[in-house]
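Data first, discussion second: the structure below is written as C-alpha cells.
The values are calculated or read from the model by the stated rules, or taken from the named source; none is laboratory data. Quick caveat, the model's predicted, so the values are computed rather than measured. For neighbour counting, all protein chains shown are included, and Cβ atoms are generated from backbone atoms with ideal geometry for every residue, glycine included.
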Amino acid sequence: MARPVHAALAAPGVGAMLTADAPVASIAVLGAALAFHLAGSALLASGAPPLAALHAFAAFIVLAVVATSHQLIPVLLRVPPTPWPQTVMPAAGFSVGFALLIYSFMGGAEFAAAGTLLALSAALWCVLVGSRVLRAAGERMTAAAMGAAFLGFLTAAFIGVWMAYDLAGGLAPSQLAAGVHGTLMVVVFASMLIVALSYRFVPMFALAHANAYGKRGVQWFFLAGGAAIAANLTGIGAGLSFASLAVLAYQHIRTLQSRLRKRLDASLIYAAVAWIFALAAAALVCVKGLTAATVTPALALSVLGWLSITIFGYGLKICGFLSWQVAKQRAPESPLAPLASAIPLPGAYASLVTLVLGTALIAFGSELGGAVYFTGALAYVTTFAAVAYPYVLKRSENRA
C-alpha cells in the first residue's frame with residue numbers, strides 16, 4: 001500500500017531533499033506565477049484583449065505547477081531531488097515566452113519568438129520532470145496520473161506553438177486546434193493534476209491519513225472525460241467529467257468526516273469552494289455544450305474559479321512550508337513561529353470571498369466582474385506575502 005504523505009515527510013533523507021536552495025527557487029517561481037495571475041486579473045479588469053488575459057492565467061498555472069512539482073515529486077514518488085536550476089531554467093523560459101505571447105496579443109508581433117521559446121521550455125521541463133516520474137519508487141497511481149497530465153501538457157504546448165506560428169504568418173488559427181489546445185491545458189493537464197493530488201492533499205491537510213476514503217480508479221474516468229472533450233465528443237466528455245468530480249467530491253467528504261482536526265484547514269476550504277466551480281463548469285458544458293454563449297462562463301468557472309482558487313488554497317500551505325524551510329536553514333537554532341498560525345485567516349477568507357464573487361460576476365457577464373476579481377487577486381497576493389514574511393524577510397528576528 002502507498003505510504004501517506006505524512007509518513008513520506010518523516011522518511012530518512014526527505015528533510016535533506018527539501019533543504020539547501022530548493023525552497024528559495026520554488027518560492028521565487030511561485031512569486032512569478034502570482035505576478036502573472038495579478039497581471040491577468042488587471043488585464044481582465046481593464047478590458048484588454050481576452051486572449052492576453054487568458055494566457056496570463058495560463059502562465060500562472062504552468063509556473064505554479066513547475067514550482068510545486070519540484071518539491072512534491074521527491075516526497076510523493078520517492079525519487080532523488082534535482083538541483084534548483086532544473087526548476088528555474090524552464091520557469092524562466094516559460095516566463096519570457098508567456099510575456100512575449102501576452103505582448104503579441106496586446107498588439108505586438110512576437111508570436112514566432114514566443115512560440116519557439118515556449119516549445120523549448122515545455123520540451124525541457126517535460127523531459128526533466130518526466131524522467132523523474134518514470135523512476136518513481138512509490139505512489140504508482142499518482143505517478144501514472146502525473147505522467148498522463150504532463151503528456152497532455154506537452155501536446156497542448158506544441159499545438160499552441162503551431163497556432164502561434166499561424167498568427168505570426170497572419171493566418172487565423174484553426175478553431176478545432178484552439179479547442180483541443182484549451183481542453184488539454186485546462187482538463188487533461190491542470191485539472192488532472194489537481195484530481196490526482198487531491199487523494200493525498202485532502203487526507204494530509206485534514207489529518208485523516210488512516211481513514212482516506214475512495215478508489216483511485218475514478219481519476220481515469222475523469223481523464224477519459226477530458227480526452228473525449230478534446231476529441232470533440234463534448235457531451236460525453238463533460239458528462240464523464242461531471243460524474244467523476246461528483247464521485248470524487250463524495251469520497252473526499254467521507255474522508256473529511258473522519259478527520260482528526262476539528263477545524264477545516266484554510267486550504268481545504270479553498271479547495272471545497274473550487275470544487276463547486278469545477279462541478280458547475282462541467283455541468284454547464286454537459287447541458288449546453290461549448291458554444292459562443294457558453295465558452296466565456298465555462299472558462300471563468302474552470303480557470304478563475306476551479307484552477308486558480310485550488311492553486312491559491314494549496315499555495316498558502318506550500319508557501320508556509322517552504323518559507324519555514326528557508327528560515328530553518330538560515331538559522332537552525334532560532335525559534336520559529338508555528339506553521340499552524342502562519343496563515344492570516346481573515347485575509348485569506350476575505351480574498352476567497354472576493355474571488356468567488358468576481359468569478360460569479362464574470363460568468364454571468366457582469367462588467368464589474370473583472371474589477372472585483374482583481375481586488376480578490378490583490379488581496380490574495382497580500383495574504384501570500386504575509387505568510388512568507390515572518391520566515392523569509394524577518395531574518396534578524398529568526399536568528400535572534
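Structure values in brief
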{"quantity": "Test: residue in segment 136-155 that is surrounded by fewer than 16 Cβ atoms within 10 Å (Cβ to Cβ), not in a helix (DSSP H, G or I) and not small (Gly, Ala, Ser)", "calculated": "no"}
{"quantity": "Positions within segment 82-103 being surrounded by fewer than 23 Cβ atoms within 10 Å (Cβ to Cβ) and either modelled with pLDDT of 95 or more or of a type in the set (Gly, Ala, Ser) (or both), in sequence order", "calculated": "92, 93, 95, 96, 99, 100, 103"}
{"quantity": "Qualifying position, being within 21 Å of the chain's Cα centre (by Cα), closer than 20 Å to residue 185 by Cβ, part of a helix (DSSP H, G or I) and modelled with pLDDT of 95 or more, among 277, 374", "calculated": "277"}
{"quantity": "Segment 162-177 residues that are at negative phi, paired with ones that are of a type in the set (Val, Ile, Thr) and not in a loop (DSSP other than H, G, I, E, B) (beta carbon under 7 Å, 6 or more apart)", "calculated": "177/159"}
{"quantity": "Within segment 172-214, tally of residues that are modelled with pLDDT under 85 and part of a loop (DSSP other than H, G, I, E, B)", "calculated": "7"}
{"quantity": "Checklist (1) surrounded by fewer than 18 Cβ atoms within 10 Å (Cβ to Cβ); (2) of a type in the set (A, V, I, L, M, F, W, C); (3) outside any helix (DSSP H, G or I); (4) in contact with a Lys or Arg (Cβ under 8 Å, 6 or more places away or on another chain) applied to residue 109, failing item", "calculated": "(4)"}
{"quantity": "Filter pass, residue 130 being part of a helix (DSSP H, G or I) and either without any contact (Cβ under 8 Å) to a residue 12 or more places away in the chain or within 26 Å of residue 367 (Cα to Cα) (or both)", "calculated": "no"}
{"quantity": "Residue in segment 197-214 that is of a type in the set (A, V, I, L, M, F, W, C) and farther than 24 Å from residue 315 by Cβ present", "calculated": "yes"}
{"quantity": "Members of segment 111-138 found to be closer than 15 Å to residue 77 by Cα and either within 20 Å of the chain's Cα centre (by Cα) or among the small types (Gly, Ala, Ser) (or both), listed by number", "calculated": "128, 129, 130, 131, 132, 133, 136, 137, 138"}
